[in-house]
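Reviewing the structure listed below.
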Amino acid sequence: MRELIPTYLKVLSSAWTVVFCVFIQAATTMAAHPVVKAIHVKDNPFSVTVEMSGKAPVKVVRIGEREVLVAIKNARLTRGLVIGGKDNPNLESVHVETLEGNVIALMVTGKYASEKKIKFSFDAANNQLTVILNKAVNVASSVPKYVPAPQTKTIQKPSAPAVPAVSKPEKQSVAPATESDGKQILADAPNEPSIQVPAPHSQTELPRKAQPLDTVQKSDTGPQKDASLSKTKERIKEPPLYIPPKRQASRFKGDISDMYRDEDPLQGCQVNALENAMLLVKKQLYKEASAILEQYLFEENPFCREQVYYLRAYVNFMGIENDDPARLLTAERMFQDAMVAFPKSSYIPFAYAAMGLIHTRLHNSATAEGYFDIISKDFPDYSGMPEVEYHLAQIYNDRGYNDKALNLYKKVFESKISNGYISDAGLGYGKALFENLRYYDALSVLNYVIKNDVKKVYDSSDLLKYTADANFELGLSKGARENYIRLLNLYPDIKDPDMALSKAGDAYGMENQEEKAIKLYERVREKYPDSPGYINASIGIARYLKTNAEKIKIYEMIKTRFPENTYARIAMMRLAEIYQKNGEYDKCIQEIEDLLSTHPRGLRYEAVKLMQKAYEALFKEQLKADEYTSVLMRYEKEQFKLKKMGGRLIPFYVGSAYLQANLYEEAFNQLISAYKLYKRAERPALLLFGLGKAMDESGRDNDALKLLYAFTKRFPKNKNRVDALTRIGQIYIEKGSFSKADEAFASAYKAGEDALDKGRILMLRAGVYRKKSDLKTASGLQARAVKAFAASPGENYEILTGAYKTLGSTYLEMKSYGQAANAFAKALDFSKGDRAKSNIGFLLGDAYQKGNVLDKAKETFEQVAQSYDSVWARLARQRLSTMGLAEKMINS
C-alpha cells in the first residue's frame with residue numbers, strides 16, 4: 001500500500017539525512033545466477049571492487065554521508081568469501097549478506113564523506129563491478145555530521161522526446177556506526193590543535209541491513225499528514241507520451257503469416273488447387289484450405305509438393321483452437337516432415353518459427369527457445385523476426401532474465417519497420433520497465449500503447465493494471481485512480497481486486513479527498529474481508545482517525561489477526577511511531593523488538609533507526625532528569641544491541657552518564673566514539689568539555705590540554721569555560737609549568753561570575769605561588785579568596801573554614817604569627833565537629849605559642865586537651881607538658 005505521505009523515511013524527516021542514489025543495470029543477466037567471488041576495498045580512489053562470475057542487475061544507494069549500499073540482484077555469494085582491504089585507513093566498516101529474492105547487500109561505511117553522486121561501472125570483459133566512493137579523501141578531515149532529513153523521490157524527465165528518460169530510484173538513509181582501532185587524530189574548529197589519543201577499546205559493530213525496496217515497504221511507511229504528500233506530488237508531472245521512430249510501411253506483418261504475404265507466396269507454382277487453398281488461407285478459412293491440400297496429396301500429384309507440404313502444416317497449425325496438445329503435436333510433425341523432405345526450402349524459417357510457437361502454447365519454453373534461437377542465429381533476415389523476438393522476450397521474462405526480456409521488447413517496440421507486434425511489445429516493454437522501478441519511462445510507453453491501440457485495453461487487464469500502478473508509484477493520483485476504477489469495471493474478476501480498490505482509495509487520499517478515500521476503504525473492508533486489501537484499507541482508515549487510541553486499536557487488530565501478513569510489520573511500525581511521538585519510548589522499543597523477532601527482514605532498517613531514535617530520546621530525557629544511573633543500567637544490559645545501531649547520540653549520552661557517575665575511563669571510551677562521528681564544526685560544546693574532562697580525570701593530560709584549550713576558544717561564553725580553564729591550570733601545576741598555570745587561573749577568574757567560583761580560583765592560583773615559594777603573593781590571593789567566599793550568598797561555613805585554615809598555614813610559614821592566629825581563630829569559629837575544631841584549635845595554640853602569646857596558647861591547648869578527639873587531645877597535652885617544663889626551667 002502506498003501511504004498518503006511518502007515512505008517511512010519521511011517520518012524521520014527531523015532525524016535523517018537527505019541522500020542521493022544512482023541506479024543502473026550492470027548488464028544482461030546470465031542463465032544461472034552469477035557468483036560474487038571476491039570483494040576488495042581499494043585506495044586512490046577510495047573504491048570497492050566486486051569480482052563476479054557473470055553479469056547481474058546492480059543498484060547503488062548513497063544512504064548517508066558516509067554509508068553506501070550496493071545491491072546486486074539475482075546473485076549469490078561464494079563459499080568462504082573473503083573481503084580484502086579491511087585495514088584500509090579510509091574504511092570504517094564493510095559487511096555483506098544475502099537478502100530475500102537473491103539480493104546481495106554490500107554495506108560500506110567510510111570514515112569520511114562519500115561523493116554526493118556515486119559513480120560506478122561494470123567491466124563486462126572481466127565481470128568486475130567498481131564503485132567509486134571518494135575520489136580524494138582528506139585524512140585530516142573529521143567524520144561528517146549525520147544530519148537527519150526527509151527522504152524524497154526525484155523523477156527525471158526524458159532528455160529527448162523520442163526516448164523515455166531514466167527515472168531515479170528512491171533515496172534512503174543510514175547512520176555511521178563504528179570507530180577504528182589505534183590512535184585517532186582529533187581536532188576541533190579550524191584553529192584547533194591536533195590531539196593524539198588512544199582509541200577506546202574495540203567495539204565491533206555490524207552495519208545495518210538495508211531492505212530491498214518492495215512495493216509494500218515503499219507504500220506503507222509514510223507519516224500521517226496528508227498535506228505534505230499532496231504538495232510533493234503536485235510537483236510531479238505526467239511524463240510526455242512516448243514518440244515512436246518513423247516507421248517504414250511493409251506488406252509483411254512480422255509473424256508467421258508472412259508466409260503467404262510475399263509477392264509470390266507459392267514461388268511460381270500455378271496449380272489451381274494450391275491457388276484456391278492460398279485464397280482460403282488469406283481469408284483465414286484454414287479448415288477448408290486443409291481439405292483441399294489433403295485431397296491434392298491423396299491424388300498423388302507430382303507438382304509443387306514442397307509448397308503443399310509446408311502450406312498444409314501451416315493451415316493445420318493455424319486452425320488449432322484451445323491449444324489442443326494432440327493437434328499441436330500433429331502440426332509439429334507435419335512441419336518436421338516438410339523439413340525432412342525439403343531441407344533447403346525457403347519456408348524453413350517459417351517451420352522453425354511455427355514449431356517454436358507450438359511449444360510456447362504447450363508451455364515447453366526450453367524447446368521453444370531452442371527453435372527461436374535457431375532463427376535468430378541462422379535466419380537474421382527472416383521477416384517474422386518481431387514475433388520470434390517477442391516470444392523470446394516472454395520466455396526470458398518468465399525465467400527472470402529481466403534485462404534480456406527488456407532489450408528484446410524494446411527492439412520490437414522501437415522497430416523502424418511496421419509489424420503486428422508493436423502494441424504487444426509495448427505492453428511487455430512497459431511492464432519490464434515497471435519491474436525495474438523505471439516508473440516514469442514505463443508510464444510514457446504504456447500511455448502510448450493505450451492511445452495508439454485502444455483495443456489493446458480490452459485484450460488484457462495488464463495494460464490498465466500496470467498503467468495504474470505506474471501512476472500510483474509516481475504519485476500521479478488522478479491517473480492512478482481513473483485507471484484502477486476502469487480496470488475494476490472492465491475486469492471485475494482480476495486477481496487481487498481488493499488491492500486495486502484500496503489503492504484507488506489511496507489515490508483519493510493523495511488528493512486530500514478524505515471522504516471518498518474513506519468510502520472506498522470501507523467498501524473494501526466490507527466486500528473483501530481477510531484480504532490484503534482489507535488490511536491496506538484498515539491502515540488507510542487509521543490514517544484519518546482523530547485519536548491515537550483509535551489508531552492503536554486498528555494496528556493491534558492487524559498485528560493480532562494477520563501476524564504472518566506483510567502488513568503486520570507495517571502496523572507494528574505504526575504502533576512504534578505513535579509510542580515514539582507520545583514519548584512512550586519503552587513501548588516503542590518493545591514494539592520494534594517484537595517486530596524484529598517476528599519479521600526479521602521486513603522493514604528492518606527503518607525499525608532499527610526508529611528504535612535508535614527512541615533510545616536517544618529516552619537517554620536524553622533521563623539525563624535531563626538527572627537519572628544517569630537509569631541510562632547506565634539500560635546501556636550495560638543492552639549494550640550489544642545499542643552498539644550495533646551506530647549513530648553518535650547514544651555514545652554521547654552514555655558517555656555523559658558515565659561522566660556524572662565519575663567513571664572516567666568508560667566515559668572517555670564512549671565520548672571519543674561520539675567525537676569521531678561528528679563533523680568538526682558541529683561538535684557540541686558539552687561533548688568537547690565532557691571529553692576533555694574525561695581525558696583529564698583518566699590521566700590523558702596532554703590530550704585534555706589540547707581539547708580544553710580548543711573548547712575555550714570555540715565557546716568563549718559557555719558556562720563550562722571557567723571549569724575548563726581551571727582544569728587547564730591544574731594540569732599545568734602537575735606538569736610544573738607554574739607560569740602557564742597562573743595564566744590559566746587568571747583567565748578563569750576573569751571569566752567567572754560566581755563569587756564561590758572566583759574564591760576557588762584564587763585559592764588555586766595561590767597554590768601556584770606557594771609552589772614558587774612566593775608566600776606573600778599567595779597569602780594575598782588567599783585573603784581575597786576568603787572575602788569572595790564570605791560575599792557569596794548562603795552558609796558556606798565549611799568552605800570558609802578551609803580557606804581560613806589554609807590562609808593561617810601560609811601566615812605560619814611566613815612567621816606572621818599574629819595574622820596566622822587571627823586566621824585560625826576565624827576558621828575555628830566557622831568549623832563544625834570535634835575533630836575539625838580540635839585540629840584548628842591545636843593550630844591556633846601553635847600560632848599563639850610561636851608568637852609568644854603563652855597565656856592564650858596554654859588556654860587554647862587546654863581546650864583541645866579536653867576534646868573528644870584522642871589524637872589532638874594527646875598532642876595538646878604533650879604541648880602543655882612541654883610548655884610547663886619550659887616555664888619551670890625559666891623560673892629556676
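The values are calculated or read from the model by the stated rules, or taken from the named source; none is laboratory data. Predicted, not measured: the structure shown is a model, and the values here were computed from it. Here the Cβ positions follow ideal geometry from the backbone for every residue, glycine too, while neighbour counts run over all protein chains shown.
I want to confirm something. Restricting to the range 267-294 and keeping residues that are of a type in the set (Lys, Arg) and assigned to a helix (DSSP H, G or I), which single residue is surrounded by the most Cβ atoms within 10 Å (Cβ to Cβ)?
282
Filter the range 594-623 for residues that are more than 18 Å from the chain's Cα centre (by Cα), under 17 Å from residue 650 (Cα atoms) and not hydrophobic (A, V, I, L, M, F, W, C) and give the result.
620, 621, 622
Considering the range 69-109 alone, what residues qualify as being under 13 Å from residue 57 (Cβ atoms) and either in contact with a Cys (Cβ under 9 Å, 6 or more places away or on another chain) or not in a strand (DSSP E or B) (or both)?
Keep residues of the range 69-109 that are under 13 Å from residue 57 (Cβ atoms), which gives 70-75, 101-104.
Correct list: 74, 75, 101, 102.
Is it fair to say residue 54 is touching a Pro at 6+ places or on another chain (Cβ under 8 Å), at pLDDT 80 or above and part of a loop (DSSP other than H, G, I, E, B)?
Values: touching a Pro at 6+ places or on another chain (Cβ under 8 Å): yes; at pLDDT 80 or above: yes; part of a loop (DSSP other than H, G, I, E, B): yes.
The answer is yes for residue 54.
Consider residue 451 against the criteria (1) farther than 14 Å from residue 238 by Cβ; (2) assigned to a helix (DSSP H, G or I): it satisfies all of them except one. Which criterion is unmet?
All conditions are met except number (1).
Which residues, counting only those in the range 375-404, are surrounded by fewer than 22 Cβ atoms within 10 Å (Cβ to Cβ) and over 19 Å from residue 433 (Cβ atoms)?
376, 377, 378, 379, 380, 381, 382
Go through (1) of a type outside the set (D, E, K, R); (2) assigned to a loop (DSSP other than H, G, I, E, B); (3) at pLDDT below 90; (4) surrounded by fewer than 17 Cβ atoms within 10 Å (Cβ to Cβ) one by one and return the number of the condition residue 297 breaks.
(2)
Can you name every residue in the range 421-479 that is at positive phi and in contact with a helix residue (DSSP H, G or I) (Cβ under 6 Å, 6 or more places away or on another chain)?
475
Answer with yes or no whether residue 372 is among the aromatic types (Phe, Trp, Tyr) and buried (at least 24 other Cβ atoms within 10 Å of the Cβ). Outline the logic, then answer.
Working: among the aromatic types (Phe, Trp, Tyr): yes; buried (at least 24 other Cβ atoms within 10 Å of the Cβ): yes.
Yes, satisfied.
Give me a count of the residues in the range 658-678 that are in a loop (DSSP other than H, G, I, E, B) and surrounded by 24 or more Cβ atoms within 10 Å (Cβ to Cβ). Before the answer, list the steps.
If we filter the range 658-678 for residues that are in a loop (DSSP other than H, G, I, E, B), which is where we start, we get 661-663, 678.
From the residues that got through so far, the ones that are surrounded by 24 or more Cβ atoms within 10 Å (Cβ to Cβ) too are none.
Selection size over the range 658-678: 0.
Only one of 649, 659 is over 24 Å from residue 583 (Cα atoms) and at pLDDT 90 or above. Can you tell me which?
Exactly one residue qualifies, and that residue is 659.
Rundown of residues vs (1) β-branched (Val, Ile, Thr); (2) under 24 Å from residue 126 (Cβ atoms), yes/no style:
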| residue | (1), (2) |
| --- | --- |
| 49 | yes, yes |
| 54 | no, yes |
| 64 | no, no |
| 67 | no, no |
| 71 | no, yes |
| 74 | no, yes |
| 78 | yes, yes |
| 87 | no, no |
| 98 | yes, yes |
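With respect to the numbered conditions (1) surrounded by fewer than 19 Cβ atoms within 10 Å (Cβ to Cβ); (2) assigned to a helix (DSSP H, G or I); (3) among the small types (Gly, Ala, Ser); (4) within 25 Å of the chain's Cα centre (by Cα), which one is the sole condition not fulfilled by residue 583?
(2)
I'd like the full set of residues that are touching a residue at least 12 places away in the same chain (Cβ under 8 Å), closer than 17 Å to residue 464 by Cβ, surrounded by fewer than 24 Cβ atoms within 10 Å (Cβ to Cβ) and charged (D, E, K, R), limited to the range 494-517.
496, 498
Quick check on this structure: which one of 655, 647 is closer than 19 Å to residue 691 by Cβ and assigned to a loop (DSSP other than H, G, I, E, B)? First the steps, then the outcome.
Numbers: 655 fails: assigned to a loop (DSSP other than H, G, I, E, B).
Just one listed residue meets the conditions, 647.
Mind listing just one residue for me: the one in the range 845-892 that is among the basic types (Lys, Arg) and out of contact with any helix residue (DSSP H, G or I) (no Cβ under 7 Å at 6 or more places or on another chain) and, of those, surrounded by the fewest Cβ atoms within 10 Å (Cβ to Cβ)?
Among those that are among the basic types (Lys, Arg) and out of contact with any helix residue (DSSP H, G or I) (no Cβ under 7 Å at 6 or more places or on another chain), it is 888.
Taking the options 61, 41, 36, name whichever one is assigned by TED's automatic domain parsing to the domain that holds residue 116, buried (at least 23 other Cβ atoms within 10 Å of the Cβ) and part of a strand (DSSP E or B).
61
Considering the range 729-742 alone, what residues qualify as being within 20 Å of residue 755 (Cα to Cα) and either buried (at least 23 other Cβ atoms within 10 Å of the Cβ) or hydroxyl-bearing (Ser, Thr, Tyr) (or both)?
729
I'd like to know if the range 365-385 contains one or more residues that are charged (D, E, K, R) and touching a residue at least 60 places away in the same chain (Cβ under 8 Å).
No.
Residue by residue through the range 329-363, note down the ones that are part of a helix (DSSP H, G or I), polar (S, T, N, Q) and under 17 Å from residue 385 (Cα atoms).
Result: 360, single match.
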